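One structure below.
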Amino acid sequence: MTSETITADASGTWRLGDLSVHRIGFGAMRLTGSAAFHHGTPSDRDRSIAVLRGAVELGVNHIDTAAFYFSSLRSANELINSALAPYTDDLVIAAKVGPLRDYSGEWATWARPDQLRGHVEENLRQLGRDHLDLVYLRRSEQRWDSIAEHFGALAELREAGLVRHLGISGVEPRHLAEAQAIAPVVSVQNRYALDRPDPGADELLRVCGEQGIAFVPFFAVAGGAGERGATSAHDEEVLAVARAHDVSPAQVRLAWTLHQGPHVLAIPGTGNPGHLAENVAAGALRLSADELARLDALHRQAG
C-alpha cells in the first residue's frame with residue numbers, strides 16, 4: 001500500500017457534537033522533541049511546523065494538544081499557532097487540562113476545580129484562539145475518585161463560551177455516567193492499544209459506542225513504550241499482517257484500532273514527515289475478518 005496520495009478522509013468521519021472530523025487525527029505531544037515531558041533533545045522547529053502543515057494538507061482536521069505538552073525550548077501549542085493560524089473553520093483542536101507542570105518541566109500537582117479556568121485560558125493564549133473546540137478533563141487516577149466537581153467547573157466554562165464541547169480522559173465507565181449527569185460528553189480519551197489494554201477499557205469503548213460518544217485511544221502505536229515513542233516490540237501476528245499488506249507494523253496497529261468501531265478515532269503523533277504520511281495512510285488499510293480475529297485474540301491475551 002502506498003501512502004503518497006492517501007489522505008485522512010479515507011479513514012471515514014465522526015461527529016464530535018456538531019463538529020465533523022476525520023477518524024485519523026494528529027497528536028501533538030511528540031512535536032516538542034525526543035522527550036516531550038522531560039529534558040530531551042528539542043525538536044527542529046521548522047520540521048515540526050512542516051509536519052503540522054503537512055498533516056492539514058493530508059486532510060487531518062482533528063489535532064489533540066495540551067499546554068503541558070512542552071519540553072525545553074518547545075511548546076506544542078505555540079508550534080500549532082505558528083504553523084496553522086489563522087485556523088480554517090473545519091479544523092478541530094482538542095486540549096486537555098488537569099495536570100500541572102512547573103517551568104522546569106517537572107510534574108507538580110493536579111489542578112483544583114477553581115484552577116481549571118486558568119488552564120483553559122492558558123491554552124487559548126498559546127493557541128491564539130477565543131474558544132476551544134473540545135476540552136478534556138484529564139483525571140488524576142490516584143487522587144480523584146469522583147470527577148464531578150472538576151467537570152462541573154469545565155461545564156461552567158462551556159456555558160460561558162470559552163469551551164464548545166467537553167470530554168474526559170483517564171476514566172472508568174462510572175466517571176462517564178457521573179459527567180453526563182452534569183453536561184454532555186462528546187469524547188472519551190483513554191490509554192488503549194492492541195497489546196496493552198487497560199483494565200475496563202474494552203467496556204468503556206463499548207459503552208461509548210452504544211451512546212454515540214467518540215473513543216480516542218492514546219499510545220495506540222506506542223503500546224507499552226508510552227511517551228517514549230513508538231514501540232519496537234511487535235507480536236508475530238502483527239508482523240505477519242504487515243507483510244501481507246506491505247505496510248509497517250505501526251500501520252497495522254492503527255488500522256486495528258480504527259476497526260474497533262466507527263466511533264473510535266486515532267490521534268497518532270510524530271515529528272517525522274515520513275511517519276506522518278504512513279499514519280494517515282493507515283486509515284485506508286482494511287483488515288480481513290481472519291486478520292481481525294487473529295489480532296483480537298492477541299488483544300485478549302494481552303489483557
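The values are calculated or read from the model by the stated rules, or taken from the named source; none is laboratory data. The shown structure was predicted, so the numbers you read here are calculated from the model rather than taken from an experiment. Glycine also receives a Cβ, built like all others from the backbone with ideal geometry; neighbour counts cover every protein chain displayed.
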Item to complete: Output the number of the condition that LEU134 fails; it satisfies all remaining conditions of (1) closer than 15 Å to THR65 by Cβ; (2) surrounded by fewer than 23 Cβ atoms within 10 Å (Cβ to Cβ).
Response: (2)
Discussion item. Can you say whether ASP64 is buried (at least 16 other Cβ atoms within 10 Å of the Cβ), modelled with pLDDT of 95 or more and either among the charged types (D, E, K, R) or out of contact with any Leu (no Cβ under 6 Å at 6 or more places or on another chain) (or both), as far as the supplied structure shows?
Written reply: yes
Worksheet item: Say we look at segment 2-35 and pick out the residues that are part of a loop (DSSP other than H, G, I, E, B) and modelled with pLDDT under 90; which of these is surrounded by the most Cβ atoms within 10 Å (Cβ to Cβ)?
Response: SER3
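Would you say PRO273 is surrounded by fewer than 20 Cβ atoms within 10 Å (Cβ to Cβ), of a type outside the set (A, V, I, L, M), closer than 22 Å to SER187 by Cβ and under 22 Å from the mean Cα position of the chain (by Cα)? Full working, then the answer.
On the way: surrounded by fewer than 20 Cβ atoms within 10 Å (Cβ to Cβ): yes; of a type outside the set (A, V, I, L, M): yes; closer than 22 Å to SER187 by Cβ: no; under 22 Å from the mean Cα position of the chain (by Cα): yes.
When the stated conditions are applied, PRO273 does not pass them.
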Worksheet, complete the sentence: Flagged in segment 159-176 as touching a helix residue (DSSP H, G or I) at 6+ places or on another chain (Cβ under 9 Å) and assigned to a helix (DSSP H, G or I), in numbering order, are PRO173, HIS175, LEU176
Discussion item. Go through (1) surrounded by fewer than 17 Cβ atoms within 10 Å (Cβ to Cβ); (2) under 19 Å from the mean Cα position of the chain (by Cα); (3) in a helix (DSSP H, G or I) for ARG47 and report which single condition fails.
Written reply: (2)
Discussion item. Whether any residue in segment 188-200 is among the aliphatic types (A, V, I, L, M) and surrounded by fewer than 22 Cβ atoms within 10 Å (Cβ to Cβ) is what I want to check.
Written reply: no
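Hand me the list of strands (runs of 3 or more DSSP E) wholly inside segment 52-101 holding 2 or more residues that are under 13 Å from the mean Cα position of the chain (by Cα). Full working, then the answer.
Numbers: elements: 62-66, 92-97, 99-101.
Correct list: 62-66, 92-97.
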Discussion item. I need the full set of residues from segment 201-223 which are out of contact with any helix residue (DSSP H, G or I) (no Cβ under 7 Å at 6 or more places or on another chain) and either polar (S, T, N, Q) or surrounded by fewer than 19 Cβ atoms within 10 Å (Cβ to Cβ) (or both), in order please.
Written reply: ASP202, ARG206, GLY209, GLU210, GLN211, GLY212
